[in-house]
Amino acid sequence: MIIVKLRGGLGNQMFQYALGKRIAHQLDTTLKLDLTSLLKTYDTAMVTNRDYQLDIFNLEPNFLVKPGLLIKFDKLGLNFISQFLKGIKLFGIKRYKEKTFTVEDWLINNPKDNTLYSGYWQSESYFEAAENELRKDFQFKDTLSTQAQQLYNKITSVNAVCVHIRRGDYVNNHVFNSSSLDYFYNAAHHIDKKTEKPHFFVFSDDPEWCVENVKFDQDFTVIDYQTDKIKFKEDLQLMSSCEHFIMSASSFSWWAVWLSNKKGNIVVAPKPWFLNSDNDVRDLVSKDWIRL
């Protein structure tokens, strides 16, 4: 049995699940998902509280501890994380924490069973051996809402370029590059020179800001719609239906590109990915992408 600790938003959870899926497949063992950190409520502006979000896909999760129980512990103020870590040691489960942002080759060539893996694992190298299985797991479970379906029809009728503008906690955290509008305009100009009649579709966690501030010279649409379904799920599905991509420094952008599974598309990614950081992103960013 291997255990993968989930944390962060949807994109991070997808990377973590993907690593676990590949290792479990390679070792012919069981994958369990640990939500102890994910479902704990943190009372600090430095941490964005998240939920388990992989339930938008057709995968069948195997939880180490059921989410409802963890949420109940959290509401009671019980320190279940430290107790949990002590408990798994009694069953011979070792814990491995990611040490570097670059790929650790032993995790690909000789992963260890009976281990809890804690990290972000942001590289396709960690899971490309299980790509076929993951593309089945990462199929969207629900149909699009009426408005989202109308947008999908528009996207698939033109030479669509996904523009992902990540704001939210990126604007003030001084870690990830939230990118100025100049980056997006330069990227749009680059794609405009390389393709015919591109139409730019702007996706963001702050669509109101985009409506007020984003003005491309080319045809563009800011995706700002109401839905009775999960907004980030529909956004990801719509993003992945585009032909080309202008990314933010975001795992959400990354997975939209991967899910699109289009050959020969143009992908523009920001340079740098991190602000004031020595992290080497060569294992995260494809060599085929344009860095601006």
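The values are calculated or read from the model by the stated rules, or taken from the named source; none is laboratory data. On a predicted model such as this, the values are computed, not experimentally measured, just so you know. Cβ atoms come from the backbone with ideal geometry, glycine included; neighbour counts cover every protein chain shown. These area figures cover heavy atoms from the full protein model, side chains too; ligands, DNA and RNA do not enter into them. Shrake-Rupley method; radii C 1.70, N 1.55, O 1.52, S 1.80 Å.
Between 221, 102, 143, the Gaussian network model of the chain with springs among Cα atoms under 10 angstrom shows the greatest mean-square fluctuation at 143. As a calculated quantity, the FRET efficiency between residue 156 and residue 94 at R0 = 51 Å, using C-beta atoms, amounts to about 0.60.
Enter the Cα centre distance for the pair the range 91-118 and the range 1-40, rounded to the nearest angstrom. That distance is 12 Å.
Note that the range 118-243 presents 50 Å² accessible area per residue, ligands and nucleic acids not counted, probe 1.4 Å.
Where the eigenvalues come from the Cα gyration tensor of the range 196-292, what are the semi-axes √(5λ) of the equivalent ellipsoid, largest first, in whole Å? Before the final figure, lay out each step's value.
Details: eigenvalues 104, 51, 47 Å².
Ellipsoid half-lengths, sorted descending, are 23, 16, 15 Å.
The charge dipole of the chain, taken about its Cα centre with unit charges on the Cβ atoms of Lys, Arg (+1), Asp and Glu (-1) only, comes to about 860 debye. Under the convention that each Lys and Arg Cβ holds +1 and each Asp and Glu Cβ holds -1, the size of the dipole of the range 246-292 around its Cα centre is about 240 debye. Partners of residue 231 within straight-line reach, counting lysines whose Cα lies under 25 Å from its Cα and excluding those fewer than 8 residues away in the same chain: 5, 40, 66, 136, 141, 154, 215, 262.
Only sites in a loop by DSSP and with at most 16 other Cβ atoms within 10 Å count here; which trypsin sites (Lys or Arg not before Pro) in the range 212-279 make the cut?
Values: sites: 215, 229, 231, 233, 262, 263; in loops: 215, 229, 262, 263.
Filter output for the range 212-279: 215, 229, 262, 263.
If you roll a 1.4 angstrom probe over the protein chains with everything in place, what fraction of the accessible area of the chain belongs to carbon and sulfur, to the nearest %? Walk me through the numbers before you get to the answer.
Numbers: 7040 of 14890 Å².
It is 47 percent, rounded to a whole number.
If you filter the range 199-252 for GluC sites (Glu not before Pro), then keep DSSP loop positions with at most 11 other Cβ within 10 Å, what is left? Provide the component values of the computation, followed by the final result.
Working: sites: 208, 212, 234, 243; in loops: 243.
Passing both the DSSP loop test and the Cβ count: no residue.
Could you work out the helix-only [θ] at 222 nm for the chain, with each DSSP H run of four or more residues adding -39,500 (n - 2.57) and the total divided by the number of residues, to the nearest 500 deg cm²/dmol?
Values: 11 runs with 104 residues, N = 292.
Counting only the DSSP helices, I get -10000 deg cm²/dmol.
Mind checking the angle between helix 10-27 and the chain's longest principal axis? C-alpha axes, 0 to 90 degrees, to the nearest 10. Tilt relative to the chain: about 50 degrees.
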